[in-house]
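The structure appears below as C-alpha cells.
Coordinate-derived values only; no laboratory data. Predicted model, so just to flag it, every value in this text is computed and none were measured. In this analysis, Cβ positions are derived from the backbone assuming ideal geometry, glycine residues included, and neighbour counts consider all displayed protein chains.
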Amino acid sequence: MSMENKKKLSMEECEALSDIFKSLSSYVRIHILCALSDGEKSAGEIAKIINASFANTSQNLKDLYNLGLLKKRRVGQFVYYSLADDSVLELLELVRKIRFKATKS
C-alpha cells in the first residue's frame, strides 16, 4: 500500500508519533510491553519479570502510560497495568516483522 492512498500526517501528528517511537527505543520499555502481552500485572510483578528496580520500572510505566500505551488501575496500595489495547501488540509485531525481514535481505 503506497503513501498516496493514506492520509498525510500533520506536523503535530508526526511529533506525537515521534514521542512514541522515542519511548519504544528503550529495551526496558519494550520488555514491559511484552510482559503485559498476556495480561494485567502489578508494578512489582513487572519489575521482577524485567529484572529491574521498582523505581526504574515505575518511571518507565509512568512514561508508557502518559503516552497512552498503557492503562492502569489502583487496588489499595497496588497499581496494576495493562496494555491500552491490542494495537500496542500489533505495533510491536509490525516493527518486529520489518526488522527481521530487513536482516534476511
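Of the beta bridges in the chain, as assigned by DSSP with both residues counted there, near 100 percent are antiparallel. Applying 1/(1 + (r/R0)^6) with r as the Cβ-Cβ distance of GLU40 and LYS8 and R0 = 35 angstrom yields a FRET efficiency of 0.45. Exposure proxy for LEU64, LEU92: other Cβ atoms within 10 Å of each Cβ, ordered fewest to most, give LEU92, LEU64.
Computed per residue of the chain from DSSP H runs no shorter than four, each worth -39500 (n - 2.57), the mean residue ellipticity at 222 nm is -18500 deg cm²/dmol. Taking the centroid of alpha carbons for each part, segment 5-33 and segment 40-105 are 14 Å apart.
When +1 charges are put on Lys and Arg Cβ atoms and -1 charges on Asp and Glu Cβ atoms, the dipole computed for segment 11-104 relative to its Cα centre reaches about 400 debye. Take the Cα radius of gyration of the chain and divide it by 2.2 N^0.38 Å, N being the number of residues; the result is 1.21.
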